[in-house]
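First comes the structure, then the notes that go with it.
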Amino acid sequence: MLTALPLDAAGPVIPNFSAHSSSCAVQNHLFCVDWVKSNWGPVLWPALRQHVLLTLVAVAIGFAISMSLALLAHRHRWAERPTLLFTTFLYTIPSLALFELLVAPIGQNVFAAEIALVSYTLLILFRNILTGLRSVPAEVMEAAEGMGMTPRQALLRVELPLALPAIVAGLRIAVVTIIALATIVYTIYNRGLGVPIHSALGEGPFKTELIAAGGMAILLALFADGLLVATQRLLTPWTRARGT
Amino acid sequence: MSEFGGAFRFILHDGAVAGYPNLPSLVHLALETLKVGAIGVGISLVLAAPLGIWLGHIHRGSFFAINIGNVGRALPSLAVLAIGDAFLGLGLAVVELALVVLAFAPIVTNAYLGVVEVDPELVDAARGMGMSELEILRRVELPLAVPLVFAGIRTAALFVISTATIASLAGFSGTLGDVIANETSYHFAGVLGAAICVAALALAVEGALALVQRAITPRGVRIERAERGAIADAVIAGA
């Protein structure tokens, strides 16, 4: 559907490639829908899919680790401080630096990327899960015990459901943070929306590519955040009844 | 781990690489990174702190103050740089725009939470003593809000330092990110060395701000709360 113009029509301004030599792209209008359409299949959609996958894997692993650590710290108070110190330390390492630091021992691969991403989810998720578990009123726990629940039953049926709003709040922050961080994964591992953003930034000011690639990352983050809010509303109908 | 040995040699030689005599010194790049970051945090502070404090004082706009935090986080800096590049062309202005967007969220959310969570009975007592609104803000609410307000600034500063280096990925040069983005000239040892420098710089800034916070927190407020980590207080804000 895209009719390629003769190359000489491209002019000297944009170092152009056959892929975006529609007249709109050649004149570098603000946003060329046809360029996005023709690049959606080969470039943008795969990048988006990889980005979602990078994020999901990182958040899932981070959630499993954080949940275990939070349950441990919930039962044994001594475990809280060292975990907080360590996860805060990980969280404060600048992302670009951490990616490079991991390349030395691990290499430029998916493991280095995921380890870096996971390490940024830990503080957020651990803190929120623990805060949620701790916010369950003591009377509620006594009532659960009085009903004859074992600690395990009380955890699954009382504490975790009541901690859900705080846990989802943590997940929202973690997901959005990881979506943002995953844009720089491309520096060590050629995947995700960082790839088209990087090529857009490197290709001179071709506006459509810059806006499409950057906009997709932003829309993905907003969409994921909205999805988690909706999920939380579905899972915790009682918080709506209270009017909060 | 010969890579780490090379990285530390690179740092000890202040960024000198054999065969490239004209490279800037690491100290210079670190200072530039600090400058770029300080401008971003500074602008954000001027815009966000008064807004958050004011919203907290009038107990309004909780939806705005908390959700602006989530929206701010949702804007990947590299994406902001890319879109800024499309409209303004890449330069210091676009980089600072991305940094201000990044720093705005934690500062406004924490300033709001810090002031809004001040015990309403204290504010009533102050009002009963005949204090004006401005006096209440200055002598009661702000001193009590210092730990949280500062937690926001520290978080923002951390984010901004590491993101100032990301600007070099977008072609903005002058920061430590230049080294990280230029493996061809600096080799892997240089990239690693610069990464270590960025981490150290961020932690140093965080530590320096923690000291400032300690100095200006009224003694009575220095309870357990002040000991919590910088990010810690901001984390739950999405609830």
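Details
- B:F159 being part of a helix (DSSP H, G or I) and either in contact with a Gly (Cβ under 7 Å, 6 or more places away or on another chain) or in contact (Cβ under 8 Å) with a residue 24 or more places away in the chain (or both): yes
- Per the listing B:I83, B:I39, B:I43, B:I11, the residue uniquely farther than 30 Å from B:S185 by Cα and out of contact with any Pro (no Cβ under 6 Å at 6 or more places or on another chain) is B:I43.
- Residue match in region A:165-183 (condition: away from chain B (no Cβ under 13 Å), over 16 Å from the mean Cα position of the chain (by Cα) and either open to solvent by 20 Å² or more (accessible area, probe 1.4 Å) or farther than 30 Å from A:R75 by Cα (or both)): no
- In region B:72-90, the residues that are free of Cβ contacts under 8 Å to residues at least 12 places away in the same chain form Cβ pairs under 9 Å with partners that are outside any helix (DSSP H, G or I) and surrounded by fewer than 22 Cβ atoms within 10 Å (Cβ to Cβ), at six or more places apart or across chains, as follows: B:A86/A:L30; B:A86/A:F31; B:A86/A:P205; B:F87/A:L30; B:G89/A:P205.
- Residue check for B:R138: crowded, with 23+ Cβ neighbours inside 10 Å and among the basic types (K, R): no
- Residue selected from region A:73-88 under the condition of a type in the set (A, V, I, L, M, F, W, C) and open to solvent by 70 Å² or more (accessible area, probe 1.4 Å), by the criterion nearest to A:Y120 (Cα to Cα): A:F86
- Restricting attention to region B:101-117, the residues that are part of a helix (DSSP H, G or I) and either surrounded by fewer than 24 Cβ atoms within 10 Å (Cβ to Cβ) or polar (S, T, N, Q) (or both) total 4.
- Matching residues, region B:1-47, being hydrophobic (A, V, I, L, M, F, W, C), within 14 Å of chain A (Cβ to nearest Cβ) and in a helix (DSSP H, G or I): B:F4, B:A7, B:F8, B:F10, B:I11, B:L26, B:L29, B:A30, B:L34, B:V36
- Positions within region A:203-225 being in a helix (DSSP H, G or I) and open to solvent by 40 Å² or more (accessible area, probe 1.4 Å), in sequence order: A:K207, A:L219, A:L222, A:F223
- When residues in region B:162-176 are screened for being part of a helix (DSSP H, G or I) and either modelled with pLDDT under 85 or of a type in the set (V, I, T) (or both), 8 of them pass.
- With respect to being touching a Leu at 6+ places or on another chain (Cβ under 9 Å), modelled with pLDDT under 90 and not in a helix (DSSP H, G or I), A:V136 fits the description.
- All positions within region A:93-132 that are open to solvent by 10 Å² or more (accessible area, probe 1.4 Å), without any contact (Cβ under 8 Å) to a residue 60 or more places away in the chain, under 26 Å from B:A164 (Cα atoms) and within 11 Å of chain B (Cβ to nearest Cβ): A:I93, A:L98, A:L101, A:A104, A:P105
- Residue count for region B:203-220, restricted to those that are modelled with pLDDT under 85, farther than 21 Å from A:R81 by Cα and surrounded by 14 or more Cβ atoms within 10 Å (Cβ to Cβ): 1
- Out of A:S22, A:S18, A:S38, one residue alone is of a type in the set (S, T, Y), open to solvent by 70 Å² or more (accessible area, probe 1.4 Å) and modelled with pLDDT under 80. It is A:S18.
The values are calculated or read from the model by the stated rules, or taken from the named source; none is laboratory data. Just so you know, these numbers come straight off a predicted model, no measurement behind them. So basically every Cβ, Gly included, is an ideal-geometry build from the backbone, and we count neighbours across all protein chains shown. Side chains included, ligands, DNA and RNA excluded: accessible areas come from the protein's heavy atoms. Shrake-Rupley method; radii C 1.70, N 1.55, O 1.52, S 1.80 Å.
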